[in-house]
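A short reminder: the numbers here are calculations on the coordinates, not readings from a lab. Remember, it's a predicted structure, so these values are computed and weren't measured experimentally. Here the Cβ is made from the backbone with ideal geometry for all residues, glycine too, and neighbour counts use every protein chain on show.
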Amino acid sequence: MKIAVAGTGYVGLVTGVCLASKGHQVTCVDVDEKKVEIMRQGVSPIYEAGLEELMKESMDCLTFTTDYKTAYQDAEVIFIGVGTPEKKDGSANLSYVYTVARQIAESVERDCVVVVKSTVPIGTNDKVETYIQSHLAKDVVVTVASNPEFLAQGTAVRDTLHAARIVIGVETPEAGEVLKRVYAGFDAPKLVTNRRSAEMIKYASNDFLALKISYINEIANLCEIVGADVEDVAEGMGYDTRIGNKFLKSGIGYGGSCFPKDTKALSWLASFNDNEIKTIKAAIEVNESQKFKLIKKARKYYDDFEGLTVAVLGLTFKPGTDDLREAPSLVNIPLLIDDGAKVKAWDPVGVKNFKKKIPEGIAYYDTIEDTIRDADLCLIFTEWEAVTQFDVRLYKDLMKKAIIIDGRNCYKVSDFEGTGMVYDSIGRRCVM
């Protein structure tokens with residue numbers, strides 16, 4: 001099929017590349033000419049496992065352009081995969097969605113289905129369809145469908161090609177058949193429902209996972225007080241198939257482009273309609289507090305950070321991505337700098353983006369060894385494999401004072417027994 005994809009961020013680019021890999025003729029549209037030129041060379045502008053390799057393999061079916069009129073005019077299906085960033089009040093900013101909708105209305109010259117892949121508030125697809133139909137330049141039939149994405153950064157390609165489910169929200173059987181043709185080559189359960197239910201499935205799914213994370217973090221905090229081990233607790237819970245063992249890993253909160261934004265957006269939507277989802281509000285509050293867990297722990301060992309050398313391992317919100325959105329490092333490192341600390345940081349892929357956010361006050365290193373050398377304190381924010389596989393004995397050998405505060409429970413507590421090092425993690429006993 002002839003498909004156009006608006007937007008080449010995580011959602012748009014991964015969607016476009018994966019559809020092309022199945023033999024569809026895909027044109028990806030972006031406003032940034034430099035970014036488009038890079039993609040034309042088979043280079044991914046974002047770090048995502050397997051994406052660049054799949055791009056190069058699928059270039060015969062891929063086109064990248066800034067010319068939206070040509071891309072949209074004869075496409076059978078047009079995916080909207082642009083960003084819907086959070087506004088200050090927590091609601092979703094839909095300006096990019098409506099900009100694309102206007103461009104589609106002005107450009108299409110044949111009947112087509114417009115598919116909203118972006119995460120949007122319930123009812124948005126209805127409004128987008130009305131908007132497009134009221135601005136059409138040609139006498140054509142345009143139907144809008146909801147097809148939410150369920151991608152995890154770091155595994156987005158796998159999550160698309162081997163999806164747990166494909167949700168299709170339509171108001172006409174014909175639109176549903178078109179989407180079934182698009183996904184004919186994908187071996188995944190396909191749920192066809194109405195548009196508003198599809199939109200809600202996305203929010204309900206993401207927010208439920210955020211709830212699980214916040215819940216286990218609160219249990220972890222209590223475990224530290226009462227002397228229980230949160231990892232044993234999570235394992236015991238996970239054997240219950242009604243609960244499952246996914247998203248029960250305690251730490252310093254969720255981040256990224258989805259969970260923070262989607263929890264706030266659903267909470268805002270409920271409030272806007274004179275409703276309240278108390279569990280979601282609680283999850284948001286817990287997560288905001290949990291981000292500062294390491295700083296709070298560090299103050300047990302130092303009254304302030306003035307003159308201290310602090311090593312930071314990991315800048316991104318999770319391993320496998322260069323995304324920094326809502327990463328705990330972004331709010332904690334400025335606190336360290338303001339308190340007079342000398343910050344040394346390491347991350348295998350996130351440094352370039354971090355420098356754009358916080359351009360000064362941090363020394364960056366290429367190895368964990370150089371980062372922790374002569375440090376008075378080490379804070380672990382991201383569980384990169386290089387960190388989890390690191391020889392813990394080197395902390396004592398290289399640090400001035402071996403105090404390791406681990407926000408991702410990268411090591412076994414027993415690894416530090418009898419070493420003379422301080423190892424303080426989340427929801428487990430502290431070794432001193």
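Note on the chain: with charges restricted to the Cβ of Lys and Arg (+1) and Asp and Glu (-1), its dipole about the Cα centre is near 340 debye.
If you run the Gaussian network model on the chain, springs between alpha carbon atoms under 10 Å, then out of Asn273, Asn409, Asn353 the most flexible one is Asn273. For the pair Gln41 and Val349, a Förster radius of 25 Å applied to the C-beta separation gives a FRET efficiency near 0.80, rounded to the nearest 0.05.
Peptides 313-320, 86-93 ranked from most to least packed by the mean count of surrounding Cβ atoms within 10 Å: 313-320, 86-93. Applying a DSSP loop filter and a limit of 12 other Cβ atoms within 10 Å to the trypsin sites (Lys or Arg not before Pro) in segment 275-349 leaves Arg299, Lys300. Evaluated with a Cβ-only charge set (Lys, Arg +1; Asp, Glu -1), segment 304-354 carries a dipole of roughly 220 debye about its Cα centre, given to the nearest 20.
When the GluC sites (Glu not before Pro) in segment 281-361 are filtered for DSSP coil states and for at most 15 other beta-carbon atoms within 10 Å of their beta-carbon, the remaining sites are Glu306, Glu360.
Taking a ≥ b ≥ c as the square roots of the eigenvalues of the alpha carbon gyration tensor, segment 279-432 is rounded, as a/c is under 1.5. The antiparallel fraction among DSSP beta bridges confined to segment 2-193 stands at about 5%. Here's the picture: charge each Lys and Arg Cβ at +1 and each Asp and Glu Cβ at -1 in the chain, and of Val29, Phe64, Thr99 the one pushed furthest to the positive end of that dipole is Thr99.
Distance between the C-alpha centres of segment 209-249 and segment 69-94: 37 Å, rounded to the whole angstrom.
Peptide packing: for 237-243, 147-153, 6-12, the average count of neighbouring Cβ atoms within 10 Å per residue gives the ranking 6-12, 147-153, 237-243, highest mean first.
Using a cutoff of 8 angstrom between alpha carbon atoms and counting only pairs six or more residues apart, the relative contact order for the chain works out to 12 percent.
Counting only Cβ charges, +1 for Lys and Arg and -1 for Asp and Glu, the dipole size of segment 2-193 around its Cα centre is about 200 debye. Quotient of the Cα radius of gyration of the chain and 2.2 N^0.38 Å, N being its number of residues: 1.07. Taking the DSSP bridge list for the chain and keeping only pairs wholly inside it, about 10 percent are antiparallel. Amide H contacts for Val82 (H built 1.01 Å from N in the peptide plane; partners 5 or more residues away or on another chain; cut-off under 5 Å): Ser118.
For segment 13-144, the gyration tensor built on C-alpha atoms gives an oblate shape. Its axis ratio a/c (a ≥ b ≥ c) is at least 1.5, and a/b is not larger than b/c. When shorter helices are ignored and each DSSP H run of at least 4 residues is given -39500 (n - 2.57), the per-residue value for the chain at 222 nm works out to -12500 deg cm²/dmol.
When the chain is treated as a Gaussian network with alpha carbon springs shorter than 10 Å, the biggest mean-square fluctuation among Thr367, Thr27, Thr63 belongs to Thr367.
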